[in-house]
Amino acid sequence: MICKRIIPCLDCDLAVPEGRVVKGVEFKQIRYVGVPWQLAKKYYEDGADEIVFLDITASHERRETMVHIIEKTAENVFVPLTVGGGIRTVEDARKVFNAGADKVSINTAAIQNPDLVNQIAKYFGSQACVVAIDAKRRYVKSPKDAENRIVIKTSEGYCWFECSIYGGRKFTGVDAIRWAMEVEERGAGEILLTSMDRDGTVEGYDIPLTKAVSERVSIP
């Protein structure tokens, strides 16, 4: 049995030089909640097993991720640090590792260029390659209405799950469950799975989504 871990995931942007942690509801109604390295340090001191930073505007703004914030955090936090956002190449990943990250998380670039998963796993190891999947429910009347999709029966009806990119700003038509299976085959060591429908709602996890993915992959 895999040991359960507590891993705070902080959505960040660079609206101010020191960065800021933001939180929304279903990827909308974004509000400021703190300074990235300070919150990371607090969670570390409270016993977090790992910390995740996701620079949610880097890909959309087509800029590199927040290297100076990673460096500051690595000086104050002594548990594994995963960083995502704006990582489009192996060299981008290398800069993040050199700044102090232990793992990189890729989402937009991975969907646009799936070979990036293979490349990062090859150069840095599967244990350092995390693929983030932001999934949205798409309801259908019956499984027949969603050909080539993995359709799940939930208490609300049948649905499949669609991947989004650019911090939830664009939908791709990619089946999130099939994509999870593919990235495992390509060498990803972990999946960071987010339900857009439950994000920030305080209604708990999307158990059907989590179950559907966990039953089909063997990585955390």
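Brief remarks follow.
- Pair list, Cβ under 8 Å, 6 or more apart: the range 42-64 residue modelled with pLDDT under 95, other residue buried (at least 18 other Cβ atoms within 10 Å of the Cβ) and aromatic (F, W, Y): S59/Y166; H60/Y166
- Which listed residue, of T210, T201, is over 19 Å from S105 (Cα atoms), in contact (Cβ under 8 Å) with a residue 12 or more places away in the chain and out of contact with any helix residue (DSSP H, G or I) (no Cβ under 6 Å at 6 or more places or on another chain): T201
- Filtered by the rule that a residue be touching a helix residue (DSSP H, G or I) at 6+ places or on another chain (Cβ under 7 Å) and of a type in the set (A, V, I, L, M), the range 177-193 gives I177, A180, V183, A188, I191, L193.
- Cβ-Cβ distances below 9 Å connect the following pairs, each with a first residue in the range 160-181 that is touching a residue at least 40 places away in the same chain (Cβ under 8 Å) and of a type in the set (A, V, I, L, M), a second residue that is surrounded by fewer than 16 Cβ atoms within 10 Å (Cβ to Cβ) and assigned to a helix (DSSP H, G or I), and a separation of six or more residues or different chains: I165/Q112.
- Test for A188: is it touching a residue at least 24 places away in the same chain (Cβ under 8 Å), within 25 Å of R5 (Cβ to Cβ) and in a loop (DSSP other than H, G, I, E, B): yes
- In the range 60-81, the residues that are farther than 16 Å from G19 by Cβ and surrounded by 15 or more Cβ atoms within 10 Å (Cβ to Cβ): V79, P80
- Pair list, Cβ < 6 Å and 6+ apart or interchain, from the range 79-107 residues that are without any contact (Cβ under 8 Å) to a residue 40 or more places away in the chain to residues that are part of a strand (DSSP E or B) and acidic (D, E): G86/D55
Conditions tested, residue by residue: (1) buried (at least 18 other Cβ atoms within 10 Å of the Cβ); (2) in contact with a strand residue (DSSP E or B) (Cβ under 9 Å, 6 or more places away or on another chain); (3) outside any loop (DSSP other than H, G, I, E, B).
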{"position": "C159", "(1), (2), (3)": "yes, yes, yes"}
{"position": "C163", "(1), (2), (3)": "yes, yes, yes"}
{"position": "G167", "(1), (2), (3)": "yes, yes, no"}
{"position": "T194", "(1), (2), (3)": "yes, yes, yes"}
{"position": "G200", "(1), (2), (3)": "no, yes, no"}
{"position": "E203", "(1), (2), (3)": "no, no, no"}
{"position": "P220", "(1), (2), (3)": "no, yes, no"}
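The values are calculated or read from the model by the stated rules, or taken from the named source; none is laboratory data. Values in this document were obtained by computation on a predicted structure and should not be read as measured data. When we count neighbours, we look across all protein chains shown, and the Cβ atoms used for this are built from the backbone with ideal geometry, even at glycine.
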